[in-house]
Amino acid sequence: MTDAKRWLLPDGVEEILPAEAYKLESLRRQLLDLYESWGYQLVITPLIEFLDSLLVGSSHDLDLHTFKITDQLSGRMMGIRADITPQAARIDAHRLNRESPVRLCYADSVLHTKPRGIMTSRVPIRIGAELYGHSGEACDIELICLMHETLRALEIGDIHIVLGHVGIFRSLVNEAKLDSETEQSLFEAVQRKAYDEIDEVLQASVSDSKLRDMLRKLSRLSGDEKTLEEAITAFSAAPESVKTELQELVAIVEGVKQRIPDIVLCFDLCELRGYEYHTGIVFAAYTPKYGRAVSKGGRYDHIGEVFGRARPASGFDSDLKVLAKLSAKTFKQKAGIIAPNLKDAELQESINKLRGEGEIVIVNFTDAPLDEKAQLEMNCDRQLILKEGAWVVEAL
């Protein structure tokens, strides 16, 4: 029996039809050109590779989102990439092996075992930029500005950039000398913003009242730009390691605002996304039109260590499919020219010339002229006809 539903696709997997594909490709080219103008070089990474290198420096969450298969040649476990950042880090550390800062960008599909959110694709197109080899604030400032420019170039309005710093939480936890189990419990409570649970863990585990109060305040520090001022006051008597992390955040904010005076910045100092591998600032972009971050990034300095070079690193990425849905830009593919299907050398020469000039020329395989419906479906508004011994283009 023939299966009548062979056209059905798995949940979270979709086909991209011509109009949407044209917009996606136009946006992809625009962003890659933007990144190139900032000095970021395009890399294309393998869709599949050995699992032990694919998951380097990544979180447990990414491990769960990665499809695993067995390589029939070697018998080793392989993974279908769910993220491109570890691959870009390997290229910097192992293949390029440069001493100066390296700027890389990419735009390619990844695969997730399950959607990361409601109405999200399991086959997102990740587009992003990574900068390796510079540990100063200038690197993070550039990437935050480039992320903002990415969204502005696509005419995605009402953007809020939310900044955090995982180093502040990590430094306070180290000062409090929490064991790994307690740290994990506190981490999970902070992620959920479960304030009562946070207070219970702190009361039971942190004997130093000043450190306990700082960790409690940190879990509540989120909001507009006044939040940073509140943090500076709250941690005025904090250990030097905490002050250093906070001063770094202040310097990054000043640098970003100097380059983009009208940028809208918010803060969430208890944002611990990527806590397992992020080492400093984390940042994300939000818009009221979408319930999740439309782009996110941060610093992850140790990701290249397993490849032999633990270079400083920072970067961001986005799902191009999400950006396309939110973008106010419109792309109308230009109309084509209908040409007859004749064995005529001069006709073929005219067709080749038009195509070389960037025109779309579609050969009509039927002898009859195209009706209005066919013209609309093929998106043609002109025709190539023989007139006074020469092939000329005229409106339909």
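The values are calculated or read from the model by the stated rules, or taken from the named source; none is laboratory data. Everything numeric here is computed off the predicted structure, so don't read it as measured data. Here the Cβ is made from the backbone with ideal geometry for all residues, glycine too, and neighbour counts use every protein chain on show. With ligands, DNA and RNA removed, areas are computed over all heavy atoms of the protein, side chains included. Shrake-Rupley method; radii C 1.70, N 1.55, O 1.52, S 1.80 Å.
Run the 1.4 Å probe and let me know the accessible area of R292, rounded to the nearest 10 Å².
Number for this one is 90 Å².
Near the amide H of C266, under 5 Å away, which other amide H atoms are found, from residues 5 or more places off or on another chain, if H is placed in the peptide plane?
Amide H neighbours of C266: I161, V162, L163.
Only helical DSSP H runs with n ≥ 4 go in: add -39500 (n - 2.57) per run for the chain, normalise by residue count and round the 222 nm mean residue ellipticity to 500 deg cm²/dmol.
Values: 14 runs with 152 residues, N = 396.
After summing the helix terms and dividing by residue count, I get -11500 deg cm²/dmol.
Could you give the angle, 0 to 90 degrees to the nearest 10, between helix 209-218's Cα long axis and the longest principal axis of the Cα atoms of the chain?
Orientation of helix 209-218: about 20 degrees from the principal axis.
Determine the shape class of the chain: with a ≥ b ≥ c the square roots of the Cα gyration tensor eigenvalues, call it rounded for a/c under 1.5, and otherwise prolate if a/b is greater than b/c, oblate otherwise. Could the numbers behind the result be given before it?
Working: a/c = 2.43, a/b = 2.12, b/c = 1.14.
Because a/c hits 1.5 or more and a/b exceeds b/c, the chain counts as prolate.
Taking only Cα atoms, what is the 0 to 90° angle, nearest 10, from helix 180-192's long axis to the longest principal axis of the chain?
60 degrees
Give me the net charge for the shell around V43: Cβ to Cβ below 11 angstrom, other residues only, Lys and Arg +1, Asp and Glu -1.
Cβ neighbours under 11 Å give a net charge of 0.
Under a 5 Å amide H to amide H cut-off, with H placed in plane at 1.01 Å, what residues pair with V363 once short-range neighbours are removed?
A339
Evaluate the distance, in nm, between pseudo-label points positioned 7 Å from the Cα of E372 and of T287 along their respective Cα→Cβ axes.
According to this spin-label approximation, the distance is 3.7 nm.
Post the alpha-carbon centroid distance, segment 267-288 to segment 82-151, in whole angstrom.
About 15 Å separates the Cα centre of segment 267-288 from the one of segment 82-151.
Which far-off residues, 5 or more places away or on another chain, put their amide H under 5 Å from the one on R122, with H placed in the peptide plane?
V13
I'd like the orientation of helix 137-153 relative to the chain: the angle between its Cα long axis and the longest Cα principal axis, in ° from 0 to 90, rounded to 10.
Around 40 degrees separate the two axes.
³J(HN,Hα) across segment 97-106 via Karplus (A = 6.51, B = -1.76, C = 1.60, θ = phi - 60°), whole Hz, x for Gly/Pro?
6, 8, 8, 7, x, 10, 10, 10, 9, 7
Quick one: 3J(HN,Hα) in Hz for segment 39-46, Karplus 6.51/-1.76/1.60 with θ = phi - 60°, rounded, Gly and Pro as x.
Karplus-based 3J(HN,Hα) across segment 39-46 equals x, 8, 9, 6, 10, 10, 9, x Hz.
K217 accessible area, nearest 10 Å², 1.4 Å probe?
Accessible surface of K217 is approximately 80 Å².
Give the accessible surface of segment 31-177 per residue, rounded to a whole number of Å², with probe radius 1.4 Å and ligands, DNA and RNA excluded.
Working: 6280 Å² over 147 residues.
Roughly 43 Å² per residue, with all protein chains present.
Rounded to the nearest 20 Debye, what is the dipole magnitude of segment 1-109 about its Cα centre when Lys and Arg each give +1 and Asp and Glu each give -1 at the C-beta?
Working: 12 positive and 17 negative charges, 45 e Å.
Magnitude of the dipole: close to 220 debye.
Once you have the Cα-Cα distance between E20 and T330, take 0.36 nm times their residue separation minus that, and quote the gain in nm to one decimal. It would help to have the intermediate numbers written out before the result.
Numbers: separation 310, 0.36 × 310 = 111.60 nm, distance 1.04 nm.
Once the chain is fully extended between E20 and T330, it gains 110.6 nm.
Considering only N97, H112, I156, whose Cα is most displaced toward the positive end of the charge dipole of segment 79-158, charges sitting on Cβ of Lys, Arg (+1) and Asp, Glu (-1)?
The Cα lying farthest towards the positive end belongs to H112.
For the peptides 329-339, 99-109, what is the packing order when you average, over each peptide's residues, the other Cβ atoms within 10 Å and list the highest mean first? Please report the intermediate quantities before stating the final value.
Details: 329-339: 14.8, 99-109: 18.4.
Ranked from most to least packed, the peptides come out as 99-109, 329-339.
Gap in Å between the Cα centre of segment 25-45 and the Cα centre of segment 341-392?
So the separation of the two Cα centres works out to 34 Å.
Only Lys, Arg, Asp and Glu count, each charged at its Cβ (+1, +1, -1, -1), so figure out the dipole size of segment 211-265 about its Cα centre, rounded to 20 debye.
Magnitude of the dipole: close to 200 debye.
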